[in-house]
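Asker: I have a structure here, written as structure tokens, and I will follow up with some questions on it.
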Amino acid sequence: MKRWGLRVGAAICMAATTTSITHAAPIEAVTVHLEGARQPLPAVLAKRMTAAVQTAADKLYIGVDTDTVLAGEATYHKVTSDIIDRILYGYTVESLEIIPGQTSQLAVRLRPYGQTIQSVDVTVEYGNLSSVAQQLVAQDVAFVEPRIEQILLGAPLDSLDWASAVTSQLVRNELEGALPEFIPQVEITPGTSTKVRVYLIPQGAVVRHSSTEISSNTLPSSIFFTTKRYYDNYLVGYEGVPVAFIARHEGDILGRVQEELNTSRASERFGISMVPSLQLGTDLLLKIQVDSSRYIVRGEAYLDMGTDTEHNVGFKLFTGVKQGRGDWYLETNFFPDSYKWAFYPSYAYHITPDTTIAYQYNLSDKYSRAWIRQTVGERWHMRAQRDFEVHRNEFGLGYDLNNYLTLEYVVTEDNKWLRLIGYI
């Protein structure tokens, strides 16, 4: 194969000495057509084989006068066959036809010699990926097995020296497009039943830790502890998976989670909506927003720090029903320092998902209260409150430390302090 260039030069010189080329037209292009003599050539390999023969034919024929080729037809036939035999090891030229012209035609019939590949067994090795992650990756690599079969089935075993390199490169190129978050490696074990192993190696940043966070504006998050634990275990299956892969399949993951949540007993019996979202990164976080379209049942406790005002520790229970954008509920307060209770029949209206206004009446102390709450950013919110009959204003700037704790800076006309609020 390394000496085919010398053979080409010798053939041309021999042909040139046997004929007159005064009025010959030079060959400008060569069209190559390959076909199998006894069985079709493997589809994908046929393209690469044609390209290899095309390169050799262009070097051999382009620029040569057609009369020269005609006069030295036997020599050109022998040299061309010899070159093809060397390029396409595992095949032999059964017949070859050269039709000279400005665009010459080269028709070649190839016959495999020796044993051919009768079957291909493809195995994808996923490494340490969990079964959950493997299912998702398998969707992207489903084309690999039929693609490799197209390349190898029917190819001579002797051709695997070069066909393996072609197969490996084609599989790598296609996997890099379909699965860019992994580096593919291909290992081929030849035989009439050829075995192919494709190894997938994660690249880039991978998920190191995962967790679930459940929040609710209408129900206690603690009652969904079982749901949180279930999805904590589910997300462990994505640890070790490239973050970019999770991002590309975010819709698939959330779709599965949403389908499970929609068919849960809580959703079907109590009108509870559960909406999942993913916070991507090496720390993968699944957030599930849980709310009831019918009922309000939630509790909280607070501790005022840096002030000696009355009732600086308290517990609140909110119970009621939802009606469109409005909430009818009863706020029940208990102050353990004085064993005092306070009851506020209330109505809140959600102008937007981030803006809420409310009216409350204190049955114990006989005064009205109005407040507005505005969410600012992902974790910040502002609050303004007016107690009418007692002429008191209160303002708060809060930051959600996590799903269960909020730190609020509270300001009144004559005082200011920090309030820690815990959600039950």
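Asker: If you count only protein heavy atoms with a 1.4 Å probe, what accessible area per residue comes out for the chain, rounded to a whole Å²?
Answerer: Result: 52 Å² per residue.
Asker: In whole percent, how big is the carbon plus sulfur part of the accessible area of region 26-112, probe 1.4 Å, protein atoms only?
Answerer: With neighbouring chains kept in place, the figure for region 26-112 is 51 percent.
Asker: For the chain, what is Rg from Cα atoms divided by 2.2 N^0.38 Å, rounded to two decimals?
Answerer: Relative to the 2.2 N^0.38 Å estimate, the chain comes out at 1.75.
Asker: Kindly express, to the nearest 10 degrees and within the range 0 to 90, the angle between helix 225-236's C-alpha long axis and the longest C-alpha principal axis of the chain.
Answerer: On a 0 to 90 degree scale, this one is about 20.
Asker: Listed here are the pairs 47/78; 78/195; 228/340; which of them are more than 30 Å apart at the Cα?
Answerer: Those over the limit are 78/195; 228/340.
Asker: If you take every DSSP beta bridge fully contained in the chain, what fraction is antiparallel? Give it as a percent rounded to 5.
Answerer: On the way: 105 of 128 bridges.
So the antiparallel bridges in the chain amount to around 80 percent.
Asker: Name the residues whose placed amide hydrogens come within less than 5 Å of the amide hydrogen of residue 284, ignoring near sequence neighbours (fewer than 5 apart) on the same chain.
Answerer: For residue 284, the qualifying residues are 208, 209, 210, 211.
Asker: Mind pulling the angle between the C-alpha long axis of helix 4-16 and the longest principal axis of the chain? Nearest 10 degrees, somewhere in 0 to 90.
Answerer: Relative to the chain, helix 4-16 is tipped by roughly 40 degrees.
Asker: Can you give the calculated 222 nm mean residue ellipticity of the chain, where each DSSP H run of n ≥ 4 adds -39,500 (n - 2.57) and the sum is split over every residue, rounded to the nearest 500 deg cm²/dmol?
Answerer: -9500 deg cm²/dmol
Asker: Here's another thing I want to ask about it. Taking the full set of protein chains and a 1.4 angstrom probe, give the accessible area of residue 67 in square angstrom, rounded to the nearest 10.
Answerer: 50 Å²
Asker: Still on this structure: Starting from the residue with the highest accessible area, list 172, 325 in decreasing order, probe 1.4 Å.
Answerer: Result, largest first: 325, 172.
Asker: Working from Cα positions, state the angle (0 to 90°, nearest 10) between the long axis of helix 250-262 and the longest principal axis of the chain.
Answerer: Once rounded, the angle reads 50 degrees.
Asker: Relative contact order of region 82-185: what whole-number percent is it, with Cα pairs under 8 angstrom and at least 6 residues apart?
Answerer: RCO, region 82-185: 26 percent.
Asker: Then there is this: Taking H placed 1.01 Å from N in the peptide plane, check which residues at least 5 places from residue 195 or on another chain put their amide H under 5 Å from its amide H.
Answerer: When sequence neighbours closer than 5 places are left aside, the close amide H contacts are 121, 189.
Asker: Additional query: For region 279-287, in order, what is each residue's ³J(HN,Hα) by Karplus, 6.51 cos²θ - 1.76 cosθ + 1.60 with θ = phi - 60°, in whole Hz (x at glycine and Pro)?
Answerer: Rounded to whole hertz, the list is 9, 7, x, 5, 9, 7, 10, 9, 9.
Asker: In whole percent, what relative contact order does the chain give with Cα contacts below 8 Å and a gap of six or more residues? Let's see the in-between values first.
Answerer: Numbers: 835 pairs, mean separation 39.6, N = 424.
For the chain, the relative contact order is 9 percent.
Asker: Let me ask something else about it. Bin all alpha-carbon pair distances of region 96-177 at 10 Å intervals from 0 and give each bin's fraction as a whole percent.
Answerer: Taking every Cα pair in region 96-177, the percentages come to 14, 33, 25, 18, 7, 3, 0.
Asker: How many percent of the accessible area of region 295-423 is carbon or sulfur, using a 1.4 Å probe?
Answerer: Within region 295-423, the accessible surface is 62 percent carbon and sulfur.
Asker: Leaving out ligands, DNA and RNA, and with a 1.4 Å probe, what % of the accessible surface on region 206-292 is carbon or sulfur? Kindly include the intermediate steps, with their values, before the conclusion.
Answerer: Details: 2120 of 4120 Å².
Carbon-and-sulfur percentage of accessible area, whole number: 51.
Asker: Restricting everything to alpha-carbon atoms, can you work out Rg to Rh for region 295-423 with a Kirkwood hydrodynamic radius?
Answerer: 0.93
The values are calculated or read from the model by the stated rules, or taken from the named source; none is laboratory data. Given the structure is predicted, the values throughout are model-derived calculations rather than measurements. For the accessible areas, the whole protein counts, side chains as well, though only heavy atoms, and no ligand, DNA or RNA atoms are used. Shrake-Rupley method; radii C 1.70, N 1.55, O 1.52, S 1.80 Å.
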